[in-house]
Amino acid sequence: MTAPLLIARDLRRTFASGGRRVAALDGVSLEIAPGETLGLVGASGCGKSTLARVLTRLVAPEAGSVHFMGADWLKLSGSRLRAARRHMQMVFQEPLAAFNPRATVAGVLADALRIHAVVPKAERGAEIARLVDRVGLPAALAGRSIRNISGGQRQRVAIARAIAVRPRLVILDEAVSALDVSVRGRILDLLVDLQRETGVSYLFVSHDLAVVRAVSHRIAVMDAGRIVEEGPAAEVIAAPSTAVLGRLIDAVPRLKGKPQA
Amino acid sequence: MSVLRRLLSSPTGAVGVALLAVIAVAALSAPWIAPGDPLRIAGPALLPPFTDPALPLGTDRLGRDVLAGLLHGARTSLIVGIAAAAAAIIVGSLVGTIAGFAGRLVDEALMRVVDAFQIVPGFLLALAFVSVAGGSLSTVILAIALSAWAQPARLVRAEVLSIRERDYVAAARVLGMHPVEIALKEILPNALPPVLALAAVIVAAAILTEAALSFLGLGDPNVVTWGSMISEGRNVLRAAPFLSVIPGIGLVATVLGVYLVSEAASEALGRGGRP
């Protein structure tokens with residue numbers, strides 16, 4: 001087994017809520033291997049999104065450490081952090097909110113390619129066309145405004161933006177939760193295909209166990225700011241050892257009662 | 001473009017645009033309709049309007065053509081109004097963006113400066129500045145901008161504070177975009193629509209401030225302005241009220257036009273200019 005891509009140790013973060021301090025992260029540790037998908041499930045408000053935002057350095061943790069690609073990820077700052085960000089990308093839950101309302105599809109991808117000089121300037125147009133095609137969008141869409149395409153198409157653009165810089169890890173924060181069921185399956189297929197092609201790792205954050213189970217190698221279950229259960233996807237779901245996971249499994253009608261083929 | 005169409009389709013917007021168009025045409029055509037220096041003596045003193053076809057709006061106490069003054073005065077008013085508002089909006093937007101984006105210490109420092117400017121009544125500030133720096137057209141513009149930039153700065157800061165928490169700004173940060181680029185490309189353009197609605201109010205206020213400064217004799221003495229015409233006519237208000245009334249009508253029409261357009265513009269923007 002190769003060295004983990006990301007190691008997080010004992011991350012803590014509290015937020016003020018009505019005068020009290022509420023622990024969103026209460027000592028979270030996790031590891032992600034290269035080419036692996038770690039599914040992170042938990043009910044709303046258990047700290048999943050905070051964890052995603054701490055790992056992407058959008059929110060600073062109060063304690064704990066993160067090592068990413070062998071470097072101390074929390075010590076990076078300024079231009080070195082911006083350069084290193086190339087390797088860890090994020091896809092947000094709400095596809096409309098994740099884009100500047102004035103942006104076009106091609107403009108969004110061009111920004112990503114320009115900031116990290118992924119390809120020479122002359123090849124940028126061709127690379128944009130390749131990315132648009134890779135995420136299964138028609139070429140004509142590149143010139144359109146983000147506001148004028150559908151939610152599923154927007155999330156494909158968000159994925160294209162994330163993979164444009166050829167990252168090692170993509171954090172997907174409820175990336176398919178806002179999409180309708182038929183679109184959801186195709187986006188998940190796309191993510192799995194991309195992983196097979198590029199060896200990218202995913203941290204797949206969701207409240208929906210059925211979705212997490214479909215794409216994850218390992219699953220971690222979060223409750224009240226802690227990881228309460230972790231292990232290979234099939235094992236964790238087959239033998240839940242905590243009440244939290246039991247409730248999540250009960251919430252998936254397909255997994256309960258009905259015999260599986 | 002659809003915002004422009006909505007603007008013209010409302011009666012308020014249409015009347016406002018029509019008023020401003022007439023004034024703008026008058027200002028632009030001044031050198032052709034009334035060529036030469038509008039301050040030169042063109043005929044007998046205190047000629048009433050509509051008596052001499054060569055001087056349709058009559059003359060003032062020194063025999064200067066009132067029509068020429070009105071047209072050239074429109075130029076001054078529009079130049080001062082637009083230049084002062086543009087300067088105030090640009091400075092205010094930059095200060096507001098920096099304050100909202102940079103965080104605590106810089107924000108505190110900048111907003112206390114803004115407070116200092118807002119505490120002093122705008123007109124008093126402009127008055128003090130012009131009486132110290134002298135009354136050329138550019139100092140008048142600067143003085144008015146100085147008294148008006150604090151309001152857009154506050155508005156932009158509030159917008160920036162709300163926008164910087166949005167996901168697309170987080171997405172830009174995750175992508176590794178430089179903070180300056182995030183501020184100028186992701187945040188500022190989306191913070192501007194409400195500021196542009198405010199712009200019209202600032203233009204109107206600037207035109208009135210300039211007129212008031214000229215009325216008090218602090219404007220540029222080499223340029224004809226509506227304020228100085230009203231002030232000039234005040235001495236003979238009983239004998240020749242038209243000397244104050246005519247530039248006064250010009251002033252009212254301009255400010256009314258700007259207000260109507262701003263009203264209609266903010267309505268058009270609010271109805272669908274933003275997602």
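The values are calculated or read from the model by the stated rules, or taken from the named source; none is laboratory data. Quick caveat: nothing in here was measured; it's all calculated off a predicted structure. Positions of Cβ are generated from backbone atoms using ideal geometry, with glycine treated the same way; all protein chains shown enter the neighbour counts.
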Q: State yes or no: is residue B:91 more than 22 Å from residue B:148 (Cα to Cα), touching a residue at least 24 places away in the same chain (Cβ under 8 Å) and in a helix (DSSP H, G or I)?
A: no
Q: Output yes when any residue across region A:184-198 is within 14 Å of chain B (Cβ to nearest Cβ) and in contact (Cβ under 8 Å) with a residue 40 or more places away in the chain, and no when none is.
A: no
Q.
Considering only residues that are more than 10 Å from chain B (Cβ to nearest Cβ), at negative phi and either of a type in the set (Gly, Ala, Ser) or surrounded by fewer than 18 Cβ atoms within 10 Å (Cβ to Cβ) (or both), which ones fall in region A:108-124?
A. A:110, A:118, A:119, A:120, A:121, A:122, A:123, A:124
Q. What pairs can you find where one residue is in region A:67-81 and within 13 Å of another protein chain (Cβ to nearest Cβ), the other is small (Gly, Ala, Ser) and surrounded by 15 or more Cβ atoms within 10 Å (Cβ to Cβ), and their Cβ atoms are less than 6 Å apart, with a gap of 6+ or different chains?
A. A:76/A:84
(Q) It is to be established whether one or more residues within region A:140-161 are under 21 Å from the mean Cα position of the chain (by Cα), farther than 15 Å from residue A:109 by Cα, touching a residue at least 12 places away in the same chain (Cβ under 8 Å) and within 14 Å of chain B (Cβ to nearest Cβ). (A) yes
Q | Residue among B:36, B:63 that is at positive phi and surrounded by 15 or more Cβ atoms within 10 Å (Cβ to Cβ) | A | B:63
Q: Output the number of residues of region B:143-173 satisfying the condition of being of a type in the set (A, V, I, L, M, F, W, C), touching a residue at least 60 places away in the same chain (Cβ under 8 Å), within 30 Å of residue B:72 (Cα to Cα) and assigned to a helix (DSSP H, G or I).
A: 4
Q: Could you tell me whether region B:112-123 includes any residue that is farther than 28 Å from residue A:113 by Cβ, assigned to a helix (DSSP H, G or I) and under 17 Å from the mean Cα position of the chain (by Cα)?
A: yes
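Does region B:155-169 contain at least one residue that is within 9 Å of chain A (Cβ to nearest Cβ), in contact with a strand residue (DSSP E or B) (Cβ under 7 Å, 6 or more places away or on another chain) and of a type in the set (Val, Ile, Thr)?
Scanning region B:155-169 turns up no residue that is within 9 Å of chain A (Cβ to nearest Cβ), in contact with a strand residue (DSSP E or B) (Cβ under 7 Å, 6 or more places away or on another chain) and of a type in the set (Val, Ile, Thr).
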Q) Taking the stated definitions as given, is residue B:140 more than 14 Å from chain A (Cβ to nearest Cβ), buried (at least 18 other Cβ atoms within 10 Å of the Cβ) and part of a helix (DSSP H, G or I)? A) yes
Q | Residues located in region A:137-190, provided they are surrounded by 14 or more Cβ atoms within 10 Å (Cβ to Cβ) and of a type in the set (S, T, N, Q) | A | A:153, A:155, A:177
Q: With the condition kept exactly as written, say whether any residue in region A:84-95 is within 11 Å of another protein chain (Cβ to nearest Cβ) and over 19 Å from residue A:57 (Cβ atoms).
A: yes
Q: Considering only region A:12-47, state which residues are touching a strand residue (DSSP E or B) at 6+ places or on another chain (Cβ under 8 Å), modelled with pLDDT under 90 and not in a strand (DSSP E or B).
A: A:42, A:43, A:46, A:47
